[in-house]
1. Non-local amide H neighbours of residue 122 (under 5 Å, H modeled in plane, Pro and chain starts lacking H): which ones?
2. Just want the ordering: 117, 17, 72, from fewest to most Cβ atoms lying within 10 Å of their own Cβ.
3. Based only on other Cβ atoms within 10 Å, what is the fewest-to-most ordering of 74, 53?
4. When the chain is fully extended, how far beyond the present Cα-Cα distance does residue 9 get from residue 107, taking 0.36 nm per residue of separation?
5. Taking residue 54 as the anchor, which lysines have their alpha carbon closer than 23 Å to its alpha carbon, excluding any fewer than eight residues away along the same chain?
6. Which entry is the computed Cα extents along the principal axes in Å for this structure: (1) 49, 27, 25; (2) 52, 33, 22; (3) 59, 28, 18?
7. Report, by chain and number, residues whose modeled amide H sits under 5 Å from the one on residue 35, excluding near sequence neighbours (fewer than 5 apart, same chain).
8. Using amide H atoms built 1.01 Å from N in the peptide plane, name the residues 5+ places from residue 5, or on other chains, whose amide H lies under 5 Å from its own.
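No lab work stands behind these numbers, since they all come straight from the coordinates. Remember, predicted model here, so these are calculated numbers, not experimental data. We place every Cβ from the backbone using ideal geometry, glycine too, and count neighbours over all the protein chains shown.
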Amino acid sequence: MNRLEGRIEEIKGTGAVRLARVRTIAGHMNALVLDVGSPTRPMAVGKAVRLLFKETALVVAAPHHPALEGVVKFLHRGEVVADLEVALGEMSTIKGRLPSEEIPTNLMVGSLVRIHVPASALALEIL
């Protein structure tokens with residue numbers, strides 16, 4: 001499970017289901033959140049949060065996606081599945097496991113990469 005901390009910059013929606021835009025050290029991510037309300041830990045702009053997502057949820061991003069930017073530190077291309085580790089600055093890394101065919105052929109260790117995680121694949125924890 002990947003963990004990444006950030007701050008809520010914007011919240012869209014007024015009902016129980018909302019979209020939170022979170023700034024992290026490596027870029028913005030959008031999280032689809034079921035907010036039933038909590039008097040002790042309300043979701044609000046400026047709140048520190050932790051984003052959690054599975055290794056299988058990430059995608060090598062297209063330019064139009066909100067994405068994290070980092071450097072490939074490890075890449076193993078299996079026949080079917082590829083394992084990927086991306087450094088997002090000095091103190092944070094994320095890991096991914098995705099179909100080998102979804103890894104660009106020119107991606108290698110040391111390459112700059114943009115990683116997207118769909119909003120519906122993120123869990124958001126208020127800190």
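1. Placed amide hydrogens put 32 under 5 Å from residue 122.
2. The most exposed by this proxy come first: 17, 72, 117.
3. Details: 74 12, 53 20.
Taking fewest neighbouring Cβ atoms as first place, the list is 74, 53.
4. 32.2 nm
5. Those lysines meeting the cut-off are 73, 95.
6. Recomputing Cα extents along the principal axes in Å here gives the entry labelled (1).
7. Long-range HN contacts for residue 35: 17, 18.
8. Amide H neighbours of residue 5, under 5 Å, 5+ apart: 51.
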